[in-house]
Amino acid sequence: MAGDIKRFPSLSHWGAFTAVVADGRLQACEPFARDPAPSSILQSMPGMVHSPLRIARPAVREGWLKRRGASDRGARGRESFVEVDWDVALRLVADELARVRAEHGSEAIFGGSYGWSSAGRLHHARTLTHRFLNAGGGCVNQAGNYSWGAAQFLLPHVIGTYAPVTGRVTDWNSMAAHTRLFVAFGGLPLRNSQITSGGAGEHSTPRWLARALEAGMELAVVSPTRDDVPEGVQARWIPIRPNTDTAMMLGMVHTLLVENLADRAFVQTHCAGFDRFEQYVLGKTDGTAKSAEWAQDICGVPAADIRALARQAATTRTMLTCAWSLQRAHRGEQPYWCSIALASALGQIGLPGGGFAFGHASMNGVANPRPGVAAPEMGAGRNPTGKSIPVARIADMLLHPGEPYAFNGREDVYPDIRLVYWAGGNPFHHHQDLNRLVRAWSRPETVIVHESWWTPTARRADIVLPATTTLERNDIGGSSRDRFVLAMHQALAPQGQSRNDFDIYRELSALAGHEQAYTEGRDEMGWLRHIYGNLAANWREGGFDVPEFEAFWQQGFLELPEPAKSFVLFEDFRRDPAAHPLSTPSGRIEVYSERIAGFGYDDCAPHPAWLEPVEWLGTAQAKRFPLHLVTSQPADKLHSQLDAGAVSVAAKIKGRERIRLSRADAARRGVESGDLVRVYNERGACMAAAVVGEAVMPGVAVMSTGAWFDPADDALERHGNPNVLTVDVGTSRLTQAPSALSALVEVEKWQGEAPAVEAFDLPAFAV
Ligand SMILES: Nc1nc2c(c(=O)[nH]1)N[C@H]1C(S)=C(S)[C@@H](COP(=O)(O)OP(=O)(O)OC[C@H]3O[C@@H](n4cnc5c(=O)[nH]c(N)nc54)[C@H](O)[C@@H]3O)O[C@H]1N2
Ligand SMILES: Nc1nc2c(c(=O)[nH]1)N[C@H]1C(S)=C(S)[C@@H](COP(=O)(O)OP(=O)(O)OC[C@H]3O[C@@H](n4cnc5c(=O)[nH]c(N)nc54)[C@H](O)[C@@H]3O)O[C@H]1N2
Ligand SMILES: [Mo]
């Protein structure tokens, strides 16, 4: 049958690949030939694309079909679905949108639709949702994201941009040549560098890290788990209590100040308000010196080690990096701001290989040497309502319509949402305190979801429309962190009755009378040419040769050369701060922010400060729930995507997500590796399978996210979804970002028979 085998270039967030197709089925995903470190996650795709979990036909919740908004909304997720024809489903959606807009206005439609969707940029479901809703009068959107929500809104006040969290930082070339000490708060877990939003053509992070280490860069990993030291790498592991990095950094600044190691000239010429921060660090404002001893009591790192690290950092070329996880925690602004203050005191910002950066392993391609030209993009248009909520305040919004909230210097009230529209995201994966989200989810009259699989969110919708996967359509993908842009050729016919999100929205636009505004007269290939045309114009302006679309489409990819010159963040600013000011009010690095001071928030001081998170090992609550639960990104999938795939399923134990515990904590609870446990706190409980070892510090438990939400009821989640345990409060009024990493739990050995996992069963269908 060799003659029947066909091969198609393609791309996913976890890497570029060739889709090998025979007999109309995806047989294998062969990694892109130019990728030096492909991800094994690719191997989950063939099973998932043809999975029985694919949504075959449009489906409507039985109660909604009979009674619409008057149905029992709490039955979402429990009631049967009725499969209907596409014409019926599209008419139901169009009529319901029209009704809600007419009766309550566009601000009653929640269309934030947060989620990663696909790597392809044209068929990016979330973008298309915005495009469609915007063309029809708008919706309530979501501002920011779950990844770096606190950083995105804090950093512009401090350094005038949040570009360093997106990946454009002093590049690895510069680091390999100059960095001698690399202090990684949150470590460099290369499992996370398998992924980049928009797709990794070339997994470049492992190679660059190896190169820098070979060149003599020393690595210190500050983290609650040794697993954040990349495998096979020589590094110092400095265990730290979760959510206390700010205290450690303050202890380091204190050391620099009292030992006269701080770069006085730099903070005077390049920073605003360092003196006020210094008063705080020295204890002149609150009577408490933030000494290494003070820090030790909070973060658990011995004072001598804090001092030694500060001294070493001051006497060699040092780069500080903070994993994005540090700011996905309550008061998550503080460690980020404090790392910039610490880097300022070290005085190496803008020097080759020195200063600060964020998330070197949080995504592939952070610090990757790449010319600063554009990546392919699809436009979403303008939202006529202009309305959005901070991304993670969704349950607050649904539960508290009309109530006021503060955000980044603004006051607003939550809108009264009647209809929720989601495509390309899985809130029952990404949100915190899922039992609370279940309650909030029962408020809107109607929930519409496009999905490819019967995910927990699809199961909790009123109308479900089956969407194709990337392999069933033509697209173009790429990321601003990657040197490659990939052509994505349609490899398979749409599975079941699924349709492209683009086409679903086109038909709905036609029913609503705004098809032209939505399509701008272009079909799939028309859009691909258009997106490519914009990209090519940008690259040509940047001085690069770019072939015509047809040649690109045939070759399958475009490649940017590695730049000849290293990129150093804030190089110009360092050389001449007056000629190259930052986009902050003072033009300098704001170690003290008058603007933030003006907001008057007691939950975000005007300079970096130790502010206790809502839950951490130092609170009274830790007596009842003595383990800090760290929920990290899963090695074997992307969030909840491909959870039912071969790679993810093979990593589960007894069909559940694992929880890593220290030997001491496991022994105290009579738990051994492989045992099932119940992990619980006041918000909920989930099952998990224990993995006991030396890699996690006592007092800490680590679970990966991504297990499909599988509640028996609100008292027990069976599959190991840690978001039934996490806390759903904003980081602070400044950034209102998710606080996923601030959660205390207790663990007990599971007694008796274990309930079966039902996450991968199909919902019930009424006939
Ligand atoms: N406790 C805890 N929670 C967390 C985090 C944490 O660290 N701890 N991390 C957070 C972070 S950083 C993030 S980014 C979020 C991620 O949260 P999400 O982005 O919501 O997670 P995904 O599982 O990627 O969900 C994407 C969904 O889109 C669907 N999809 C993919 N392609 C298409 C398509 O073409 N069309 C349609 N219609 N659907 C498609 C997939 O099947 C999947 O269900 O999770 C957050 N949640
Ligand atoms: N394989 C895979 N890779 C992914 C993803 C995925 O789902 N799967 N998701 C992608 C996405 S959307 C994002 S946003 C990024 C997120 O990237 P990150 O936010 O960097 O990833 P995490 O795994 O949440 O956290 C990294 C490490 O930080 C450590 N850590 C947690 N809390 C603390 C703390 O308080 N202090 C210190 N010092 N360390 C702490 C944890 O031990 C954890 O292993 O990952 C991306 N990469
Ligand atoms: Mo993320």
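Odds and ends about this structure:
Condition check ((1) open to solvent by 10 Å² or more (accessible area, probe 1.4 Å); (2) in a loop (DSSP other than H, G, I, E, B); (3) more than 30 Å from VAL253 (Cα to Cα); (4) assigned by TED's automatic domain parsing to the domain that holds ASN192) across all residues:
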site	(1), (2), (3), (4)
CYS338	no, no, no, yes
LEU342	no, no, no, yes
ALA357	no, no, no, yes
GLY381	yes, yes, yes, no
MET397	no, no, yes, no
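- Of all residues making up the stretch 81-102, the number that are in contact (Cβ under 8 Å) with a residue 60 or more places away in the chain and surrounded by fewer than 16 Cβ atoms within 10 Å (Cβ to Cβ): 3
- Tally, over the stretch 270-280, of residues that are open to solvent by less than 70 Å² (accessible area, probe 1.4 Å) and farther than 15 Å from LEU346 by Cα: 3
- Within the stretch 56-74, the set of residues being exposed (fewer than 15 other Cβ atoms within 10 Å of the Cβ) and part of a helix (DSSP H, G or I) comprises LYS66, ARG67, ALA70, GLY74.
- Filter result for ASN408 (surrounded by fewer than 23 Cβ atoms within 10 Å (Cβ to Cβ), on the phi > 0 side of the Ramachandran plot and either within 16 Å of ligand 2 (Cβ to nearest atom) or touching a residue at least 12 places away in the same chain (Cβ under 8 Å) (or both)): yes
- Listed by first and then second residue, the pairs with beta-carbon distance under 7 Å, at least 6 apart or on different chains, first residue in the stretch 115-137 and more than 16 Å from ligand 2 (Cβ to nearest atom), second basic (Lys, Arg), are HIS123/ARG473; ASN134/ARG382; GLY137/ARG101.
- Residue that is least open to solvent (accessible area, probe 1.4 Å), among those in the stretch 693-706 that are part of a loop (DSSP other than H, G, I, E, B) and within 12 Å of ligand 2 (Cβ to nearest atom): GLY706
- Checklist (1) in contact with a strand residue (DSSP E or B) (Cβ under 7 Å, 6 or more places away or on another chain); (2) surrounded by fewer than 24 Cβ atoms within 10 Å (Cβ to Cβ); (3) part of a loop (DSSP other than H, G, I, E, B) applied to THR288, failing item: (1)
- Search result, residues across the stretch 224-243 that are in a loop (DSSP other than H, G, I, E, B), among the polar types (S, T, N, Q) and closer than 14 Å to SER662 by Cα: none
- Applying a threshold of 9 Å to beta carbon distances and a minimum spacing of six or more residues, or different chains, the list of pairs starting in the stretch 634-658 at a residue that is over 21 Å from SER193 (Cα atoms) and open to solvent by 10 Å² or more (accessible area, probe 1.4 Å) and ending at one that is of a type in the set (Val, Ile, Thr) and in a helix (DSSP H, G or I) reads GLY655/VAL649.
- Looking only at the stretch 216-234, and only at residues there that are over 23 Å from ILE340 (Cα atoms) and open to solvent by less than 50 Å² (accessible area, probe 1.4 Å), the one that is farthest from ligand 2 (Cβ to nearest atom): GLY216
The values are calculated or read from the model by the stated rules, or taken from the named source; none is laboratory data. Since the structure is predicted, the reported quantities are computational estimates derived from the model, not experimental observations. We place every Cβ from the backbone using ideal geometry, glycine too, and count neighbours over all the protein chains shown. The protein model used for the area step is the full one, side chains on, heavy atoms only, and it has no ligands, DNA or RNA in it. Shrake-Rupley method; radii C 1.70, N 1.55, O 1.52, S 1.80 Å.
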